[in-house]
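The values are calculated or read from the model by the stated rules, or taken from the named source; none is laboratory data. Small disclaimer: the values here were computed from a predicted structure and weren't measured. Glycine gets a Cβ as well: all are built from the backbone with ideal geometry, and neighbour counts include every protein chain shown. Each accessible area value is taken on the protein alone, full model and side chains, heavy atoms only, with ligands, DNA and RNA left out. Shrake-Rupley method; radii C 1.70, N 1.55, O 1.52, S 1.80 Å.
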Number of protein chains: 2
Amino acid sequence: MSSNATQRRGIPDATVTRLPEYLRALTALAESGTVRVSSEELASLVGVSSAKLRKDLSHLGSYGVRGVGYDVDHLSYQISLALGLTHDWAVAIIGMGNLGRALAAYNGFTSRGIQVVALLDRDPAVLGRVVAGLAIEPMADLPRIARERGVAIALVATPARSAQEVADAVVAAGIGSILNFAPTSIEVPDGVRVRKVDLATEVQILAFHQLQHDRALLSGLRTVIP
Amino acid sequence: MSSNATQRRGIPDATVTRLPEYLRALTALAESGTVRVSSEELASLVGVSSAKLRKDLSHLGSYGVRGVGYDVDHLSYQISLALGLTHDWAVAIIGMGNLGRALAAYNGFTSRGIQVVALLDRDPAVLGRVVAGLAIEPMADLPRIARERGVAIALVATPARSAQEVADAVVAAGIGSILNFAPTSIEVPDGVRVRKVDLATEVQILAFHQLQHDRALLSGLRTVIP
DNA sequence: ACGCCCTTGTGAACCGATGCACAAAGTCAC
DNA sequence: GTGACTTTGTGCATCGGTTCACAAGGGCGT
């Protein structure tokens, strides 16, 4: 193990959620031919404070040069390394409704470390249909598919009522991480990671803040016109 | 203003993000005919600790009964009230690619306080096409549409390169909140609310945690077999 | 009518994340 | 080779959120 920060046990969660954002911004910079970037520039590009950015990066190691900034390529590589994106992750998408098909066709995945290797659905009527170059396969084949193609992450895009059952099948197939798009929470054993993306929830949170804003305006008026 | 908690200024952000989850669980309970629920039951249903749940609810007021629990309908109503979901919010979806169409067809929205009232795209080739019962309209009409239909929230589902331009148009049309699905961060003036949903980022975060898990297993083996 | 029992609501300690401000460190010009 | 300048990396203070543990409070059985 090296000096002080090469791969310190435990990058804070809040930092981990921001690293992909930094990585994306860096990728865009690299594409535009930029070679070096300061914490100030990169931070404003992703919309965080430069102090936060520097502290985040300090958890991976000391890859900047004082008085100069960061080398775009090198920093990209180090973040990719920390996130484990130097090799591709095989993901399976389960549930081929509107959302599942959109996910299958989403090309933000292919760009960085993520490869969709299987599409599955429970409905026999859609089996064999090809979406984004992959044929839809039956749920019964999940264990074999997971094993043969090294699937580590499953995207669950089923209706709420089947999400738990699908999650159980995913766990039984030995897949260790689930990204749950179904509008329900799922139970998994210890040692299985779950994240949740809920579209309606996001809009509702936004509605709340919009309402607060509207109310603040209104009460502002009231104080002016008593 | 009433006693101590009716509508205290400032429900913590972390609480606001969880309220929609509670609301969904309560709705499911109500549908199954449940009348009363304890903090313990509800908490395990959404996967949080009961203490956190109670503290969250305490920010809205005192709607539980000690020794008994919460009335499902009444609590649902109070959360809806706090979130501003007692009336519907009109949302517009911009960008009718795979994701935009999936969002338009998503029926998790209609259920609770959210109504999709417009679909827009910049591409003249898709204008007029009907998706989920709504015709796709041109971006030029956004100001009129926003005004006439009271759009308060826009869902931006365009490619990254057009997201900023679309966001500017959204702000110019007087829409106060944006849910950004494009894989880029956008700049908006003060007083406009933005939330971001990034699918690739979510998978990358999951990949990181999966990697940590794998590494932990591996080093566990090493300590056993030196 | 009384007291037991159960669950809420919350004060206080704890923990992690954020923001501030500056010393450390390296570059570049001369 | 030296000094001035720039930007990083980080110690410290602060803030918000979570957890713990229990007193307050209401229902229900007797």
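A few notes on this one:
- If the condition is being near DNA strand D (Cβ under 9 Å from one of its atoms) and not in a loop (DSSP other than H, G, I, E, B), then region A:37-51 contributes A:VAL37, A:SER39, A:GLU40, A:GLU41, A:LEU42, A:ALA43, A:SER50, A:ALA51.
- Qualifying residue in region A:79-100 (condition: surrounded by fewer than 21 Cβ atoms within 10 Å (Cβ to Cβ) and near DNA strand D (Cβ under 9 Å from one of its atoms)): no
Quick grid of which residues meet (1) open to solvent by 30 Å² or more (accessible area, probe 1.4 Å); (2) assigned by TED's automatic domain parsing to the domain that holds A:ALA102:
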position: A:PRO124; (1), (2): yes, yes
position: A:GLY128; (1), (2): yes, yes
position: A:ALA154; (1), (2): no, yes
position: A:ALA167; (1), (2): no, yes
position: A:VAL170; (1), (2): no, yes
position: A:GLY174; (1), (2): yes, yes
position: A:ILE205; (1), (2): no, no
position: A:PHE208; (1), (2): no, no
position: A:HIS213; (1), (2): yes, no
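- Extreme residue, farthest from DNA strand D (Cβ to nearest atom), among residues of region B:53-63 that are touching a helix residue (DSSP H, G or I) at 6+ places or on another chain (Cβ under 7 Å) and open to solvent by 20 Å² or more (accessible area, probe 1.4 Å): B:TYR63
- Cβ-Cβ distances below 7 Å connect the following pairs, each with a first residue in region B:69-81 that is touching a residue at least 40 places away in the same chain (Cβ under 8 Å), a second residue that is away from DNA strand C (no atom under 12 Å from the Cβ) and open to solvent by 60 Å² or more (accessible area, probe 1.4 Å), and a separation of six or more residues or different chains: B:VAL72/B:VAL35; B:SER80/B:THR86.
- Yes/no for A:THR110 being modelled with pLDDT under 95, assigned to a helix (DSSP H, G or I) and either open to solvent by 30 Å² or more (accessible area, probe 1.4 Å) or closer than 24 Å to B:ASN107 by Cα (or both): yes
- Condition met for B:ALA92 (closer than 30 Å to B:PRO159 by Cα and either in a helix (DSSP H, G or I) or within 9 Å of DNA strand C (Cβ to nearest atom) (or both)): no
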